[in-house]
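Read the structure below first, then the notes.
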């Protein structure tokens, strides 16, 4: 299986370095423009059973970068993420693997889901810290 990466809202040096790592590791990549944020993930990856939707010019913007990966084994995934760090890409908070469940989601759907998950885990971590601080008293 060919490894693929969809890059949402990547700009400047971060985009250049991410694309360079993809090329070095023989990973196909696509920079997804705002006009395609509503398109199903599987369609953007070329899956024939997931059709593209009609063009839409008024998609909501994303405030952060998001990375969707497909066709990565555990070893290749770890090497890819390590390579991104080594070249100075920095942290990418919103990243996911394509699954049977999310392949028909739009980029905007995935973005919303990842933001909600991150907020949930941040809240749980804050609660844990507060509880630990109270336990020390």
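Every read-out reported here was derived from the displayed coordinates using simple, explicitly stated rules and does not represent laboratory data. Bear in mind that the values here come from a model prediction, so they are computed numbers and not experimental data. Because the Cβ atoms are built from the backbone with ideal geometry, glycine has one as well, and the counts that use them run over all protein chains shown.
Here residue 88 clears all of (1) surrounded by 10 or more Cβ atoms within 10 Å (Cβ to Cβ); (2) out of contact with any strand residue (DSSP E or B) (no Cβ under 6 Å at 6 or more places or on another chain) except the condition numbered (1). State whether one or more residues within region 118-125 are touching a strand residue (DSSP E or B) at 6+ places or on another chain (Cβ under 8 Å), surrounded by 10 or more Cβ atoms within 10 Å (Cβ to Cβ) and assigned to a helix (DSSP H, G or I). Scanning region 118-125 turns up at least one residue that is touching a strand residue (DSSP E or B) at 6+ places or on another chain (Cβ under 8 Å), surrounded by 10 or more Cβ atoms within 10 Å (Cβ to Cβ) and assigned to a helix (DSSP H, G or I). The helices (runs of 4 or more DSSP H) found wholly in region 1-87 and carrying at least 2 residues that are in contact with a helix residue (DSSP H, G or I) (Cβ under 9 Å, 6 or more places away or on another chain) and more than 13 Å from residue 103 (Cα to Cα) occupy 12-24, 74-86. Within region 51-77, the set of residues being touching a strand residue (DSSP E or B) at 6+ places or on another chain (Cβ under 8 Å) and surrounded by fewer than 17 Cβ atoms within 10 Å (Cβ to Cβ) comprises 51, 52, 53, 64, 71, 77. Please enumerate the residues belonging to region 1-46 that are under 18 Å from residue 88 (Cα atoms), surrounded by 20 or more Cβ atoms within 10 Å (Cβ to Cβ) and either free of Cβ contacts under 8 Å to residues at least 12 places away in the same chain or out of contact with any strand residue (DSSP E or B) (no Cβ under 8 Å at 6 or more places or on another chain) (or both). Residue satisfying the conditions is 21 alone. Residues of region 95-111 that are in contact (Cβ under 8 Å) with a residue 40 or more places away in the chain and either assigned to a strand (DSSP E or B) or touching a strand residue (DSSP E or B) at 6+ places or on another chain (Cβ under 9 Å) (or both): 98, 102, 103, 104, 105, 106, 107, 110, 111. What do you reckon, is residue 114 surrounded by 14 or more Cβ atoms within 10 Å (Cβ to Cβ) and closer than 17 Å to residue 4 by Cα? Here the answer is no, as residue 114 does not meet what is asked.
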